[in-house]
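*Asks:* I'd like to ask you about the structure that follows.
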Amino acid sequence: MINVHKFKYLIVMAGIGSLLCAALGYLTYHQVGRHTTEKLTLKVNQLGQKLDAQLMRYSKLPEVLARDPRLLNPLLIDTAAVLPSESEVDQYQTTSELLEQWASILGADTIYLLNQSGTTLAASNWQQADSFVGHNYGYRPYFRDAIIGGKGQFFALGVRSNKRGYYFSSPVYHQSEIIGVLTIKVDLSLIEDIWQYEDLEYAIADPFGVIFYSSEPSWLYHALVPLTPQQKTQIFASRQYGNAPLTPLTAYRELATFQQNNINQMTLPAQDHQASFVVASRDMVQAGWTIYGFSPVNAAYRYVLLALLMFSLIYTLLCLAITSWWQTRSAQQALAQLNDRLEQLVIKRTNNLLESNQRLRDTVKQYELSQAELKQTQSELIQAAKLATLGELSASINHEINQPLAAMRTYSENSRKLLAKQRYEAVASNLDEIIHLNQTVADIIARFKVFARKAQGSETSNRTVVADAIRAATTLLHNKLIKEGIILRVSELPPDIRVNADAIQFEQVLVNLLHNAIQALAGRQQPQIGIQLQADRDWVEVRIWDNGPGMDAEQKQQIFTPFFTTKDDGLGLGLTVSHRIIDAFSGQLTVTDHPGGGAEFVITLPRSTEDSV
Ligand code: ADP
């Protein structure tokens, strides 16, 4: 899915890029074209102006020099004599020397004097091999213009030197009559320094469109448009361009048409291949020439290419930057969304956790309540079991109390009789006995009252002297033991053995075990119950055995289970409660077979040291 998006994005960006490229290319091409044309026109104008200025320097010279009277002598001699004398020939030489001097001063190529028929009488190059002296130039337009009083200006290849030159001529007057022509030939190589424009081609063409000066050598002495036969004849007659064929460079029919297209592209031969050019031209009115500037179109292509390259680079960078920005933004958004989701999840989880925590707290509270209730129930159970034991002992208690009460009654009745006989001493003795018996009854009641008291939990002393507990338990059952004729065998009871257990609950366990033993011994011959107390450094062990019927394995497994009883009136709670009490004090209550037959219960409890609480 993402890839499809990316692909679409790439296509769109590439499409936009291509459109922009095309628009930019078009605009750049036109802009460069316009700029090139403007620049070209400007340069061509500059060139024209410079060229004009150069030509101006020479245009006036022939007129001024023609007035020099020293030129008249050779001309007059020429018109007068058929054959010049020696002195007259010297006169020609003197004039030639003068012309040589002028040419040197003015920087002209050649200055020469022609007679009325166009023959050179004197020339600055008179001493050179290609001297003009004696040669006739009557066919040259500059001569023909000047001899009829005009000012001749003419570009041509030198007939003798074959050097390109510009000819300025002026008539020489004698008494208002034209008797000759003075001509100055300027070597156009003098003006070559003005062509400093490397990035354009130029050409100078005469009024017929023949290029006689150009930065492109292959264009030289070619016409821009095809020449008419008359034009050709005229040019050949003046021998202006020697024998050059003057073939046309373009297919334009007329020069005017060519010039009208001068700011358009045109194809011209350039250095052995065809090339397109933007053209600009300027007419040089005085010289009668046209100067053309050509700028290769591929220069514009170069700019377009450069612009496109730069644009592509910038566009690519821009696209990359946008992509990167977009990706970063998308990533940030995704991250923010993820964060939000995460936060919501955390809030949800936290709420769940808080709820769970609350539920757990409620459960713990509930558990604590249940525990408290259980503890309460357990202590009530213990109490109930104790009261049940007391209930079972009630007959024995009754009997125990009845005995002293009966004795007290006997002593009272006796005392009444002794009082009648006024035997006061005996009465006093009886009363002592009654008081003693009363104390005995109070003691018995107090003992059961203490036993029946509800345990107070941790507030009661946890440092119970085991011997005291054993004594209290046996005392409670003393009467019953005697009644049943049971012999009680109690081992030595060291007073320093203590356990970390509640005294009353511990006593309750002992009473339970002893009472069960008494019940088990019912109807047995020579019934016996034994109590043994043993202790080492850490543990205290109390063994209570009897020589009753004992228990089989199954019974032994079940006796600590609630409500297990083999007795008709039994509750089956005594051993269960006893087991739990000992367990609560980190001890153990177990049952085993007594070696002499019968059952043996073993209580094991951690020993409480002197300094322990
Ligand atoms: P109950 O005395 O109400 O039956 P107990 O939990 O005290 O409940 O005793 C459970 C059972 O354990 C008794 O019913 C009896 O079968 C058996 N038992 C307990 N002590 C002895 C003993 N010393 N000799 C034989 N059986 C015993």
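The values are calculated or read from the model by the stated rules, or taken from the named source; none is laboratory data. Please read all numbers here as calculations on a predicted model, not as lab measurements. Cβ sites come from the backbone with ideal geometry, for glycine too, and all protein chains shown count toward neighbours. These accessible areas exclude ligands, DNA and RNA; they are computed on the full protein's heavy atoms, side chains included. Shrake-Rupley method; radii C 1.70, N 1.55, O 1.52, S 1.80 Å.
*Asks:* Sort out which residues of region 529-552 are within 13 Å of the ligand (Cβ to nearest atom) and more than 21 Å from LEU477 (Cα to Cα), and write them in order of number.
*Replies:* Correct list: MET551, ASP552.
*Asks:* Can you tell me which residues in region 477-496 are in a helix (DSSP H, G or I), more than 16 Å from the ligand (Cβ to nearest atom) and under 20 Å from VAL450 (Cβ atoms)?
*Replies:* Matches in region 477-496: HIS478, ASN479.
*Asks:* Could you identify the single residue in SER586, SER608 that is touching a residue at least 60 places away in the same chain (Cβ under 8 Å), surrounded by fewer than 19 Cβ atoms within 10 Å (Cβ to Cβ) and of a type in the set (Gly, Ala, Ser)?
*Replies:* Just one listed residue meets the conditions, SER586.
*Asks:* Within region 542-559, which residues are under 24 Å from VAL466 (Cβ atoms) and open to solvent by 50 Å² or more (accessible area, probe 1.4 Å)?
*Replies:* Residue satisfying the conditions is ARG543 alone.
*Asks:* Follow-up question, since we're still on this one. Pick out the one residue from GLN378, GLN358 that is in a helix (DSSP H, G or I) and in contact (Cβ under 8 Å) with a residue 12 or more places away in the chain.
*Replies:* GLN378
*Asks:* Something else: Sort through GLN286, GLN344, GLN327, GLN333 and tell me the only one that's loosely packed, with under 15 Cβ neighbours inside 10 Å and touching a helix residue (DSSP H, G or I) at 6+ places or on another chain (Cβ under 8 Å).
*Replies:* GLN286
*Asks:* Another one. Show the residue pairs that are 6+ apart or on different chains and have beta-carbon atoms under 8 Å apart, the first residue being within region 503-528 and small (Gly, Ala, Ser) and open to solvent by 10 Å² or more (accessible area, probe 1.4 Å), the second being within 11 Å of the ligand (Cβ to nearest atom) and not in a loop (DSSP other than H, G, I, E, B).
*Replies:* ALA520/ASP546; ALA520/ALA599
*Asks:* Test each condition in (1) open to solvent by less than 10 Å² (accessible area, probe 1.4 Å); (2) away from the ligand (no atom under 11 Å from the Cβ); (3) of a type in the set (Val, Ile, Thr); (4) farther than 23 Å from GLU484 by Cβ for THR576 and report the one that comes out false.
*Replies:* Only one criterion in (1) open to solvent by less than 10 Å² (accessible area, probe 1.4 Å); (2) away from the ligand (no atom under 11 Å from the Cβ); (3) of a type in the set (Val, Ile, Thr); (4) farther than 23 Å from GLU484 by Cβ is unmet by THR576, namely (2).
*Asks:* Please determine whether any residue of region 398-408 is open to solvent by less than 90 Å² (accessible area, probe 1.4 Å), over 30 Å from LEU477 (Cβ atoms) and assigned to a helix (DSSP H, G or I).
*Replies:* Within region 398-408 (the criterion being open to solvent by less than 90 Å² (accessible area, probe 1.4 Å), over 30 Å from LEU477 (Cβ atoms) and assigned to a helix (DSSP H, G or I)), the answer is no, since none of the residues qualifies.
*Asks:* Here is a further query. Looking at region 595-613, is at least one residue within 12 Å of the ligand (Cβ to nearest atom), more than 14 Å from ASN512 (Cα to Cα) and in a loop (DSSP other than H, G, I, E, B)?
*Replies:* The answer is yes; a qualifying residue exists.
*Asks:* Still on this structure: Would you call TYR411 modelled with pLDDT of 85 or more and surrounded by 15 or more Cβ atoms within 10 Å (Cβ to Cβ)?
*Replies:* yes
*Asks:* OK, next. How many residues does region 1-29 hold that are open to solvent by less than 100 Å² (accessible area, probe 1.4 Å) and either touching a Cys at 6+ places or on another chain (Cβ under 8 Å) or modelled with pLDDT of 80 or more (or both)?
*Replies:* Residues flagged as open to solvent by less than 100 Å² (accessible area, probe 1.4 Å) and either touching a Cys at 6+ places or on another chain (Cβ under 8 Å) or modelled with pLDDT of 80 or more (or both) within region 1-29 amount to 17.
*Asks:* Continuing with this model, one more query. Look at ALA535 and say whether it is at pLDDT below 90 and open to solvent by less than 60 Å² (accessible area, probe 1.4 Å).
*Replies:* no
*Asks:* Could you check ASN261 against (1) at pLDDT 80 or above; (2) open to solvent by less than 70 Å² (accessible area, probe 1.4 Å) and say which number it fails?
*Replies:* If we test ASN261 against (1) at pLDDT 80 or above; (2) open to solvent by less than 70 Å² (accessible area, probe 1.4 Å), just (1) comes out false.
*Asks:* Determine if region 429-439 includes at least one residue that is β-branched (Val, Ile, Thr) and without any contact (Cβ under 8 Å) to a residue 12 or more places away in the chain.
*Replies:* yes
*Asks:* If you don't mind, another one. Which strands (runs of 3 or more DSSP E) does region 65-170 wholly contain that include 3 or more residues that are surrounded by fewer than 22 Cβ atoms within 10 Å (Cβ to Cβ), touching a strand residue (DSSP E or B) at 6+ places or on another chain (Cβ under 7 Å) and modelled with pLDDT under 90?
*Replies:* 152-157
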